[in-house]
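Student: Sharing a structure, written as structure tokens. Questions coming.
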Amino acid sequence: MNIHEYQAKQLLKSYGAPVSDGRVVLRAEDAKTAAGELDGPLWVVKAQIHAGGRGKGHFKEPEAGEKGGVRLAKSVEEAETLAKQMLGKTLVTHQTGPAGKQVNRIYIEDGSDITRELYLALLVDRVSSRVSIVCSTEGGMDIEEVAASTPEKILSFSIDPATGYQAFHGRRVAFSLGLEGAQVKQMVALLGNLYKAFLEKDMEQLEINPLIVMTDGNLKVLDAKVGFDGNAMYRQPDVANLRDESEEDSKELEASKYDLNYIALDGEIGCMVNGAGLAMATMDIIKLYGAEPANFLDVGGGATKEKVTEAFKIITSDKNVKGILVNIFGGIMRCDIIAEGVIAAVKEVGLQVPLVVRLEGTNVEKGKEIIKNSGLNVIAADNLSDGAEKIVKAVKG
Ligand code: ADP
Ligand code: MG
């Protein structure tokens, strides 16, 4: 689960991290008052979307201006104008994909005097099973370019969970970033606070880009991107409250209500599978036969008829879907239940595209009987590659 920059900054501030004063604005008419509450003489108007690269992004609508989703204003009136231009418009960045994201919230922040822009992140390193600190002297808007062309400028340090964060970690990071004097102490304290927040709030990723050195020599968190472990949200009610459903894919949102593991993708073959491993294998084999999956969907081990129906509705609501492959291994799940669910779903939502069903496992004969006797135009498949071949053929001819 992701949150907005302004929410991330409020959270990090509560852990003692240095951030600028700012106000979130939902309606353009509130922008002037909000900006007036800040000191000036420089304001920064920042589009709040769940994607990075806003500064270098562009709006789809020409009236929102060409210059991206992070802009400087020299007066409260200018801040208001910029907020008006951005609200309700669609911002496209290298992280949003070509469709972009609608800007529904604006963050107006005090402007900072910057001498250096650094990169600092905490993440879960799955190889070492530890929290890693990643840092670079080359922070700012081109970090992807730095990673691609000069990866040696990105350093990483891992933290042993047995000892936890120690001051020497902070000193090592500070020295590698070329910090001096009081800045080293600030970095030691900042990293300690970030590490604490990371663990206590079940974060998956905490990226500060840039962490700036100001002209007065102090450090400040100027941008913050935080992602949380979705499976931990049951014990993080405060974090769960920060969820902005308008930022999420509507099909994924619907799926989460029915406890379905669904991820929307760009392809043309809708997949309904039980088990994450089988779902991955199904996606692979669809690609092998020359088509692309429209989604990842794991209906889970104990799916009911109702859940299968919902899953089917979500798949068919995707306009890109030109065919559906149901691939179920009945272990805990019985094939006849799946067959009944599929039939019920087809009767309820109709079937505009070819459907291939492959069943295997417990009560497979009963399941196949149910499908055969349903009178519906369902193509039966005997194994995984047969299923993939049949659905790709049905869609592509
Ligand atoms: P994004 O990473 O989505 O492009 P950032 O918040 O990192 O957005 O902003 C992009 C750039 O804008 C920063 O690298 C920094 O140079 C500048 N910037 C952002 N916030 C401020 C601020 N409060 N004061 C001065 N400059 C800022
Ligand atoms: Mg940034």
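The values are calculated or read from the model by the stated rules, or taken from the named source; none is laboratory data. No experiment lies behind these values; they were computed from the predicted model shown. In this analysis, Cβ positions are derived from the backbone assuming ideal geometry, glycine residues included, and neighbour counts consider all displayed protein chains. Quick note on the areas: whole protein, heavy atoms, side chains included, nothing else; ligands and nucleic acids left out. Shrake-Rupley method; radii C 1.70, N 1.55, O 1.52, S 1.80 Å.
Student: Check whether at least one residue in segment 30-38 is touching a residue at least 24 places away in the same chain (Cβ under 8 Å), out of contact with any helix residue (DSSP H, G or I) (no Cβ under 8 Å at 6 or more places or on another chain) and in a strand (DSSP E or B), and report yes or no.
Tutor: No, the conditions are met nowhere in segment 30-38.
Student: Is it the case that segment 104-125 has a residue that's modelled with pLDDT of 95 or more, among the polar types (S, T, N, Q) and open to solvent by 70 Å² or more (accessible area, probe 1.4 Å)?
Tutor: Yes: one or more hits.
Student: Filter segment 215-261 down to residues that are among the basic types (Lys, Arg) and either at pLDDT below 95 or more than 16 Å from ligand 1 (Cβ to nearest atom) (or both), then give me how many there are.
Tutor: 4
Student: Within segment 66-81, which residues are without any contact (Cβ under 8 Å) to a residue 40 or more places away in the chain and either β-branched (Val, Ile, Thr) or touching a strand residue (DSSP E or B) at 6+ places or on another chain (Cβ under 7 Å) (or both)?
Tutor: Our first condition is that a residue be without any contact (Cβ under 8 Å) to a residue 40 or more places away in the chain; within segment 66-81, this holds for 66-75, 78, 81.
Of everything in segment 66-81, those that are without any contact (Cβ under 8 Å) to a residue 40 or more places away in the chain and either β-branched (Val, Ile, Thr) or touching a strand residue (DSSP E or B) at 6+ places or on another chain (Cβ under 7 Å) (or both) turn out to be Glu66, Gly68, Gly69, Val70, Arg71, Leu72, Ala73, Thr81.
Student: So which residues in segment 365-385 are of a type outside the set (Val, Ile, Thr), open to solvent by less than 50 Å² (accessible area, probe 1.4 Å) and over 34 Å from the mean Cα position of the chain (by Cα), if there are any at all?
Tutor: Selection gives Gly367, Ser374, Ala381.
Student: In segment 7-23, what count of residues is obtained for those that are outside any helix (DSSP H, G or I) and open to solvent by 60 Å² or more (accessible area, probe 1.4 Å)?
Tutor: So the answer is 2.
Student: Name every residue in segment 226-250 that is within 18 Å of the chain's Cα centre (by Cα) and assigned to a helix (DSSP H, G or I), in order of residue number.
Tutor: Selection gives Gly230, Asn231, Ala232, Met233, Val239, Ala240, Glu245, Ser246, Glu247, Ser250.
Student: Only one of (1) surrounded by 16 or more Cβ atoms within 10 Å (Cβ to Cβ); (2) more than 15 Å from ligand 1 (Cβ to nearest atom) is not met by Pro98, so which one is it?
Tutor: In the conditions (1) surrounded by 16 or more Cβ atoms within 10 Å (Cβ to Cβ); (2) more than 15 Å from ligand 1 (Cβ to nearest atom), Pro98 misses (1) alone.
Student: Please verify whether Gly40 is under 24 Å from the mean Cα position of the chain (by Cα) and within 16 Å of ligand 1 (Cβ to nearest atom), treating the condition exactly as stated. Give the steps one after another, and end with the answer.
Tutor: Details: under 24 Å from the mean Cα position of the chain (by Cα): no; within 16 Å of ligand 1 (Cβ to nearest atom): yes.
Answer is no for this residue.
Student: Condition first: in contact with a strand residue (DSSP E or B) (Cβ under 9 Å, 6 or more places away or on another chain) and of a type in the set (Phe, Trp, Tyr). Now tell me which residues in segment 124-179 satisfy that.
Tutor: Selection gives Phe157, Tyr165.
Student: I've got another one for you. Among the numbered criteria (1) under 18 Å from His4 (Cα atoms); (2) free of Cβ contacts under 8 Å to residues at least 60 places away in the same chain; (3) part of a loop (DSSP other than H, G, I, E, B), which single criterion is violated by Lys56?
Tutor: (2)
Student: Shifting gears a bit: Please note which helices (runs of 4 or more DSSP H) are completely contained in segment 258-364 and include at least 1 residues that are buried (at least 24 other Cβ atoms within 10 Å of the Cβ), hydroxyl-bearing (Ser, Thr, Tyr) and in the same structural domain as Asn377 (by TED's automatic domain parsing). Give the steps one after another, and end with the answer.
Tutor: Numbers: elements: 276-288, 305-316, 335-349.
So the answer is 276-288.
Student: I'd like the full set of residues that are within 11 Å of ligand 1 (Cβ to nearest atom) and touching a Ser or Thr at 6+ places or on another chain (Cβ under 9 Å), limited to segment 51-95.
Tutor: Ala51, Gly52, Gly53, Arg54, Gly55, Lys56, Gly57, Gly68, Gly69, Ala73 - these are the residues of segment 51-95 that are within 11 Å of ligand 1 (Cβ to nearest atom) and touching a Ser or Thr at 6+ places or on another chain (Cβ under 9 Å).
Student: Another one. Would you be able to say whether some residue in segment 34-45 is at pLDDT below 95 and open to solvent by less than 50 Å² (accessible area, probe 1.4 Å)?
Tutor: The answer is yes; a qualifying residue exists.
Student: Name every residue in segment 109-139 that is part of a strand (DSSP E or B) and of a type in the set (A, V, I, L, M, F, W, C), in order of residue number. Step through it out loud before you land on a result.
Tutor: Residues of segment 109-139 part of a strand (DSSP E or B): 109-110, 114-125, 130-136.
The answer is Ile114, Leu118, Leu120, Ala121, Leu122, Leu123, Val124, Val131, Ile133, Val134, Cys135.
Student: Restrict the check to segment 83-91 and report whether at least one residue is out of contact with any strand residue (DSSP E or B) (no Cβ under 8 Å at 6 or more places or on another chain), farther than 18 Å from Asn2 by Cβ and of a type in the set (Val, Ile, Thr).
Tutor: no
Student: Tell me which residues, restricted to segment 226-242, are surrounded by fewer than 17 Cβ atoms within 10 Å (Cβ to Cβ) and either in contact with a strand residue (DSSP E or B) (Cβ under 6 Å, 6 or more places away or on another chain) or not hydroxyl-bearing (Ser, Thr, Tyr) (or both).
Tutor: Result: Gly227, Asp229, Gly230, Asn231, Ala232, Met233, Arg235, Pro237, Asp238, Ala240, Asn241.
Student: Take Gln95 and decide whether it is modelled with pLDDT of 95 or more and within 16 Å of ligand 2 (Cβ to nearest atom).
Tutor: no
Student: Considering each residue of segment 365-397, count those that are in a strand (DSSP E or B) and of a type in the set (Lys, Arg), and give that number.
Tutor: 0
Student: Residue check: is Thr81 polar (S, T, N, Q), open to solvent by 10 Å² or more (accessible area, probe 1.4 Å) and not in a loop (DSSP other than H, G, I, E, B)?
Tutor: Details: polar (S, T, N, Q): yes; open to solvent by 10 Å² or more (accessible area, probe 1.4 Å): yes; not in a loop (DSSP other than H, G, I, E, B): yes.
Taking the combined requirement at face value, the residue satisfies it.
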